[in-house]
Amino acid sequence: MTKMNRRVAIIAGMVVLLGVGLVLFTAPISWRNVRADDGADFRGWTDSTGRFQIQAALVNVKDGAAVLERNSGETVSVPLTRLSPEDQKFVREELARRRAARDAESQVALQDGSSSSSDTDWPQWRGPNRDGIAHSTGLLDAWPEQGPPLLWQTRGLGGGYSSVAVVDGKIYTQGKRGPGVELLCLDAKDGRQLWSARVGGSSDPTGTPTYDGDLVFAEDNDGNLLAADAESGAEAWRKSFQRDFGAKRPGWGFSESPLVDGERLICTPGGPNAMLAALNKQTGEVIWTCAVPGGRGHGGAGYSSPVVSQGAGVKQYVQLTGKGVIGVRAGDGKLLWAYDRVSNGTANIPTPIISGDFVFCSSGYNTGAALLRIVGRGREATAQEVYFLEPQTFQNHHGGMVLVDGFVYAGHGHNNGFPICVDVKSGNVAWGGDRRGPGSGSAAVTFADGNLIYRYENGVVALVAATPREYRLKSQFRPVHQQGKSWAHPVVADGKLYLREQDVLMCYDLRR
């Protein structure tokens, strides 16, 4: 081999080593002609072993890999895990800088009246407004006997009851794969995995990731909170509820889906001085924490997720915690009010429903439900009970509730999903609560295009007319895959129905 050939072989080997580890390949390398961003700096990059280096600029990060451009214009994709810790830190900081620049551009675009987001996306737990209501229209009003057409199913998600967030052609969820929990990004066209990122965790997760522009947030059952780049999965920052806030792990683990509100991320550590916390979504820096003294129930974080209310003209975060429902002032984290009559000693789960000055809340374990009215003046507010429903009238275990045209639809009963419709103003039952639907066990509910989609614990999916006049079952089917308890909530985005079943995700076409 000539001196020149040896030099070429050594350079090629170094580049491949960066991508795949310590195995030396001699196969030709495929290069893509991608230019680095304007102003990108060429710097030295080192692999995780510290043995190999190249000079290159960071073009972007995609599918869990850094795309690097050398001085010659040639590019190579290097998995982030194969980079040195210093280079991984550089990537996180550079992505944060670019996100800030894009956010500034987005604000200009919003001022101009333009927006690239789709109202049929499902970016977080319970949809765009955290109310279980999908914005897709033009959907089938009845399903074939075997169910709507199955577009695809994919495996490899790992264990867990996490639902999905669907945005801009990507799906975000999390599952326990191997020793720990991972945040996953899939292609919405076919379910193909695009990237994964380590969250942590020791048990199957239940919380759903929250998407917000350039970042996606995931929380596992051990209280590890991860902020990752939505395009690549690169870690932006992380927190530990137990270590950073002194929280105790609930019996079934932390289960919330964190809330993004502007530049803040709202989460529920459940610590003695931090029942609720507001963090800078870009950095994880703590903005405020809120303590909640007293209250009955099982204490700690509970198993619900926070929502935003403007009750009595005061912006506040409403959350069902282990001590009951609370309202926390958004500006400074002051506890405005607390209501513990719907709190039980085992597990407080359903996300509260917000409607103007009103909050509808419920929990299972033979507890009941209540309608609260938020009243106040200036920056102060409190909650008054309008009515309370005894558990034999209505209680929701963990399938959630939706409010449509003044009526609450849900599954009633502990460990049951008896379809029910309740007039939210009066608390009167319009229909149901006394009969089982087509499935068994608890039932999760989603509203889409005039109908309710119930997903039962035994896997059965039902289509029910969303009308207070009568209970009318339109269609039902059994998905192609079912194992254990089907607790992950159904999601409707861009005319498609997504059903998570542990390791498997199914996508059905609901469009006419």
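The values are calculated or read from the model by the stated rules, or taken from the named source; none is laboratory data. Only a predicted model underlies this, so the values are computations on that prediction, with no experimental measurement involved. FYI the Cβ positions are ideal-geometry reconstructions off the backbone, even for glycines, and counts take in every protein chain you see.
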Looking at Ala218, is it at pLDDT 95 or above and crowded, with 24+ Cβ neighbours inside 10 Å?
-> yes
Filter result for the condition that a residue is touching a residue at least 60 places away in the same chain (Cβ under 8 Å) and in contact with an Asp or Glu (Cβ under 9 Å, 6 or more places away or on another chain), over Ile349, Ile353 = Ile353
Log entry, pairs with first residue in the range 148-170 being at positive phi and free of Cβ contacts under 8 Å to residues at least 40 places away in the same chain, second being in a loop (DSSP other than H, G, I, E, B) and crowded, with 20+ Cβ neighbours inside 10 Å, beta carbons closer than 8 Å, six or more apart or on different chains, reads Gly169/Ala188
Do any strands (runs of 3 or more DSSP E) lying entirely in the range 274-368 carry at least 2 residues that are within 16 Å of Glu256 (Cβ to Cβ) and not small (Gly, Ala, Ser), and which ones are they?
-> 276-280, 286-290, 307-309, 316-321, 324-329
Among the listed residues Gly417, Gly427, Gly495, which satisfies the condition of being in contact with a strand residue (DSSP E or B) (Cβ under 6 Å, 6 or more places away or on another chain) and surrounded by 21 or more Cβ atoms within 10 Å (Cβ to Cβ)?
-> Gly417
Report those strands (runs of 3 or more DSSP E) wholly inside the range 393-512 carrying at least 1 residues which are within 28 Å of Phe358 (Cα to Cα).
-> 401-404, 407-412, 418-423, 429-432, 443-448, 451-456, 461-465, 491-493
Restricting attention to the range 254-273, report how many residues are part of a loop (DSSP other than H, G, I, E, B), buried (at least 21 other Cβ atoms within 10 Å of the Cβ) and not polar (S, T, N, Q).
-> 5
Of all residues in the range 295-308 being farther than 12 Å from Gly324 by Cβ and in contact with a Leu (Cβ under 8 Å, 6 or more places away or on another chain), the one that is surrounded by the fewest Cβ atoms within 10 Å (Cβ to Cβ) | Val308
Would you check if there is a residue in the range 228-250 being surrounded by fewer than 17 Cβ atoms within 10 Å (Cβ to Cβ), in a loop (DSSP other than H, G, I, E, B) and out of contact with any Gly (no Cβ under 9 Å at 6 or more places or on another chain)?
-> no
State whether the residues of the range 453-470 include one that is charged (D, E, K, R), crowded, with 22+ Cβ neighbours inside 10 Å and modelled with pLDDT of 95 or more.
-> yes
Met401 fails exactly one of (1) under 21 Å from Gly294 (Cβ atoms); (2) surrounded by 18 or more Cβ atoms within 10 Å (Cβ to Cβ); (3) touching a residue at least 60 places away in the same chain (Cβ under 8 Å), namely (1)
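A quick yes/no check of all residues on (1) crowded, with 19+ Cβ neighbours inside 10 Å; (2) in contact with a Ser or Thr (Cβ under 7 Å, 6 or more places away or on another chain); (3) charged (D, E, K, R):
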position: Pro293; (1), (2), (3): no, no, no
position: Lys334; (1), (2), (3): no, no, yes
position: Trp337; (1), (2), (3): yes, yes, no
position: Ala369; (1), (2), (3): yes, yes, no
position: Val375; (1), (2), (3): no, yes, no
position: Glu385; (1), (2), (3): no, no, yes
May I ask you to say which residue of Phe477, Phe447 is farther than 18 Å from Arg126 by Cα and in contact (Cβ under 8 Å) with a residue 12 or more places away in the chain?
-> Phe477
When (1) in contact with a Ser or Thr (Cβ under 9 Å, 6 or more places away or on another chain); (2) within 19 Å of Pro128 (Cβ to Cβ) are applied to Arg264, the one that fails is (1)
